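What follows is a set of notes on a single structure, which appears directly below.
The values are calculated or read from the model by the stated rules, or taken from the named source; none is laboratory data. Predicted model, so just to flag it, every value in this text is computed and none were measured. Glycine also receives a Cβ, built like all others from the backbone with ideal geometry; neighbour counts cover every protein chain displayed.
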Amino acid sequence: MYSDELSAAAGSVSQVREITSQVMRVCKSRAITTIIIGHVTKEGNIAGPRVLEHMVDTVLYLEGERYFSYRILRGVKNRFGSTNEIGMFEMREEGMCEILNPSDILISERKDNPAGSCIVATMEGTRPILVELQALTSPTVFGYPKRAANGVDFNRLALLIAVLEKKAGISLGNQDVYLNVVGGLKVNEPALDLGIMMVAVSSFKNIPIPKDMVILGEVGLTGEVRRINLIEKRLKEAEKLGFKTCIIPENNKKDLKDKYKLDIIAISNVRQAMNEIFKQKN
């Protein structure tokens, strides 16, 4: 859409600003719900649609990777409500269909129990989602170990590997370490720290983590496992999907008000977590 009253080209910042203001003036005066769609590049470099975000009442992002069928509709601005909810969809032949239980979809293909795989509970807004983490360690052949992460921050992975070496005695200095979040999701919250570390240890030692276990916890630089937020929602999601055991930070256990069918194990540091998870396999 463009206006002949402006000399700027269609799609420019001035055109976007003027057209949006005209559309909003008409729609608000007549109480018409209106959706304005603006496209940006993956890096968000196109300035025009960014102007829209400052003018409208609600901003929704439809996020997804090119090679995965899942899409997340996320609210990043809302003048009249919360932005803590998301919708998850899957691209199919009939169009974009809602996924009612994302956790079940993301862990549905985990039929066996190989080393280097575990389940963690992440939060998308206020919605708990169980996802599978996979790690692979292999001896490096180039003298300088490679670290690669898909779905989590690369720098966070490097930091957690350093904590493993210093505080847990797991020497990964001669190992390439690859980490993947199954399903193509991007997860940035620190509650996955302990799961990332344990899945790397599992691959390194070639010892599988129990299939019915969920691992939660933020890890500090001194190796301590710190409390995480919304612990009860994560536990209820794990319980609903049939998991039996959950590793949680010790400081979170006193916050639990409900009773769970889960066997909840509270730990305070990384070495204690390793002893609990791998105790039956040593």
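Counting residues in the range 243-253 that are touching a Phe, Trp or Tyr at 6+ places or on another chain (Cβ under 8 Å) and in a helix (DSSP H, G or I) gives zero. Return the residue satisfying two criteria in turn: it lies in the range 159-184 and is over 21 Å from Ala273 (Cα atoms) and surrounded by fewer than 17 Cβ atoms within 10 Å (Cβ to Cβ), and of such residues it is modelled with the lowest pLDDT. Top of the filtered list is Gly184. Conditions first: (1) surrounded by 17 or more Cβ atoms within 10 Å (Cβ to Cβ); (2) without any contact (Cβ under 8 Å) to a residue 60 or more places away in the chain; (3) under 18 Å from Gly184 (Cα atoms). Val120 passes all but one, so which condition is the exception? Tallying (1) surrounded by 17 or more Cβ atoms within 10 Å (Cβ to Cβ); (2) without any contact (Cβ under 8 Å) to a residue 60 or more places away in the chain; (3) under 18 Å from Gly184 (Cα atoms), Val120 fails exactly one: (2).
Only one of Ser117, Ser108 is of a type in the set (S, T, N, Q), at pLDDT 85 or above and closer than 30 Å to Ala135 by Cβ; which?
Values: Ser108 fails: at pLDDT 85 or above.
Only one candidate passes the filter, namely Ser117.
When Lys279 is tested against (1) farther than 25 Å from Leu136 by Cβ; (2) surrounded by fewer than 17 Cβ atoms within 10 Å (Cβ to Cβ), exactly one condition is not met: (1).
Within the range 190-201, does at least one residue satisfy the condition of being touching a residue at least 24 places away in the same chain (Cβ under 8 Å) and either touching a Lys or Arg at 6+ places or on another chain (Cβ under 7 Å) or part of a loop (DSSP other than H, G, I, E, B) (or both)? Among the residues of the range 190-201, not one is touching a residue at least 24 places away in the same chain (Cβ under 8 Å) and either touching a Lys or Arg at 6+ places or on another chain (Cβ under 7 Å) or part of a loop (DSSP other than H, G, I, E, B) (or both), which makes the answer no.
Number of residues in the range 208-225 that are closer than 15 Å to Gln134 by Cβ, assigned to a loop (DSSP other than H, G, I, E, B) and of a type outside the set (D, E, K, R) equals 2.
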